[in-house]
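Here's the structure, in structure tokens; my notes come after.
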Amino acid sequence: MDEKEMEVVPGLAGIPAAESSISFIDGEKGILEYRGILAEVLAEKSSFLEVSYLLIFGRLPTSEELKKFTNDITFHSRLKLKILRMMEFLPENGHPMEYLQSVTSAMGMYYPARNVLSEDVRYWSVVRLIAKLPTIVASCHRLRHGDAPIQPNNDLSFAANFYYMLFERIPDPLTEKILDVMLILHADHTMNASTFSARVVGSTLADPYTIVASAIGTLSGPLHGGANEEVIHMLEEIGTKENVRPYIEKKLEKKDKIMGVGHRIYKTKDPRSTILQSFAHQLFKDSKNMKIIEIAEEVEKVVHEKLSHKKIFPNIDFYSGIVFQGLGIPTDLFTPIFAMGRVSGWLAHWLEQLKTNKIYRPDQKYIGTHNQPYVPIGERK
């Protein structure tokens with residue numbers, strides 16, 4: 001095709017990059033399904049590890065399959081001593097996502113997985129990555145604050161164990177449930193930027209640790225996973241419910257982005273956001289910190305008034321940061337926990353990519369010049 005005739009679609013918006021049976025979104029109706037099951041149903045009735053099995057293997061497990069999968073992940077949740085020692089030498093001022101990406105990549109040297117066509121290699125890579133990401137996140141947080149990492153507690157659930165490694169205490173049942181649901185709601189979301197990154201790298205037959213490290217790097221950007229941190233900063237900047245309207249109006253006047261609202265796919269309120277809004281009320285009920293929810297709901301009200309005609313509504317990031325804050329999670333861990341949930345989706349897409357693999361090699365539309373002379377360095381101006 002002549003380059004003049006080529007049409008460039010910024011951000012590949014609306015361009016199918018793959019056929020997939022992993023997750024489905026109806027943006028007009030606000031529907032999200034994992035393998036055909038509503039995410040809201042899974043959030044109510046399932047667990048993160050059961051949902052991970054569903055995404056990765058394509059069906060809900062039997063009780064024996066789930067028991068084995070859970071036991072395998074529990075057994076592999078510890079980090080090698082050399083990895084922990086390596087983490088001790090990483091800069092304390094680094095962002096946890098930088099820690100997570102670096103350590104995930106390094107794990108590939110301790111667990112060689114280059115033969116991705118081996119079923120055994122694929123299974124144990126899946127197990128290790130799901131198992132070890134929470135330990136990395138908790139350990140890096142403690143090391144950055146001068147505390148020793150806490151070894152996993154094999155008697156706890158996946159979500160409760162992460163909380164325990166982070167704070168050295170066992171969570172109450174509500175906290176455990178909410179944290180588990182947070183992981184479920186972040187587990188997959190069709191062909192987003194980090195998932196596309198995972199499939200592109202996976203199409204080269206790179207090892208799974210490299211694939212997940214690339215996806216983590218993609219997720220770290222403020223326009224993707226990092227938006228949940230920015231929502232908290234925005235709400236703190238607004239300060240009071242009375243400041244919401246002038247703040248939003250000024251943002252709109254300057255055509256600045258309002259964090260946590262709007263989505264490429266959803267043209268109504270993100271169904272995950274509705275669940276998280278309910279959790280936020282449960283966490284902050286009868287609390288003096290209820291103010292942050294009041295500010296957030298006023299932002300939602302004003303945004304609806306000003307932007308609903310453009311089909312701009314709250315996305316998952318809008319309330320996820322508030323829920324994380326209610327759980328006592330430090331702001332800079334919001335996105336790493338997002339990655340802990342999304343790794344199951346990345347791995348599911350990697351395995352799906354391998355089934356009919358063809359390396360990604362898109363084209364470009366060249367807009368540069370031709371037939372330029374080489375000018376010697378002494379003659380250049």
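Each reported figure results from applying straightforward, stated rules to the coordinates on display, with no laboratory input. Keep in mind that this is a model prediction, so the values were computed, not measured. Methodologically, a virtual Cβ is constructed for each residue, glycine included, from the backbone with ideal geometry; neighbour enumeration extends over all protein chains shown.
Some values worked out for this structure:
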| item | result |
| --- | --- |
| Surrounding net charge for H349, when Lys and Arg each add one and Asp and Glu each subtract one, Cβ distance under 15 Å | +3 |
| Table column - 3J(HN,Hα) (Hz), the stretch 271-284, Karplus curve with 6.51, -1.76, 1.60, x for Gly and Pro | x, 5, 5, 5, 5, 5, 4, 5, 4, 4, 5, 5, 6, 9 |
| Hull shadow area, averaged, the stretch 227-326 [alpha-carbon convex hull, nm²] | 5.8 nm² |
| When each of K45/K177; K80/K132; K29/K355 is checked by Cα-Cα distance, pairs over 21 Å | K29/K355 |
| Exposure proxy order (Cβ contacts within 10 Å, fewest to most) of H145, H186, H281, H349 | H145, H281, H186, H349 |
| Which of S278, S52, S203, S21 has the fewest Cβ neighbours within 10 Å, and the rest in rising order | S21, S278, S203, S52 |
| Size of the stretch 250-381 as Cα extents on the principal axes (Å, biggest first) | 73, 47, 33 |
| Principal axis box of the stretch 1-144, alpha-carbon based, largest edge first, Å | 54, 47, 32 |
| Gain in span if fully extended, E168 to H281, counting 0.36 nm per residue against the direct Cα distance | 38.1 nm |
| Where Rh is the Kirkwood radius over Cα pairs, Rg/Rh for the chain | 1.00 |
| Fully extended contour minus Cα-Cα distance, from E119 to S308, at 0.36 nm per residue | 63.2 nm |
| Stretch gain in nm, segment D363-I31, where the contour uses 0.36 nm per residue and the Cα spacing is subtracted | 116.3 nm |
| Binned Cα-Cα distances of the stretch 144-267, short to long, each 10 Å bin given as a whole percent | 10, 24, 32, 26, 7, 0 |
| Where chymotrypsin sites (Phe, Trp or Tyr not before Pro) in DSSP loops with at most 12 other Cβ within 10 Å are excluded, longest remaining stretch of the chain | 90-365 |
| Efficiency of FRET between E379 and K250 - r from beta-carbon atoms, R0 51 angstrom, step 0.05 | 0.50 |
| Per-residue Cβ neighbour rank within 10 angstrom, fewest leading, K80, K132 | K80, K132 |
| Inter-probe distance in nm under a simple model that places probes 7 Å from Cα toward Cβ, at K291 and N371 | 6.9 nm |
| Two-decimal ratio, the stretch 1-84, of alpha-carbon radius of gyration to 2.2 N^0.38 Å | 1.65 |
| Cα-based Rg of the stretch 309-381 normalised by 2.2 N^0.38 Å, two decimals | 2.13 |
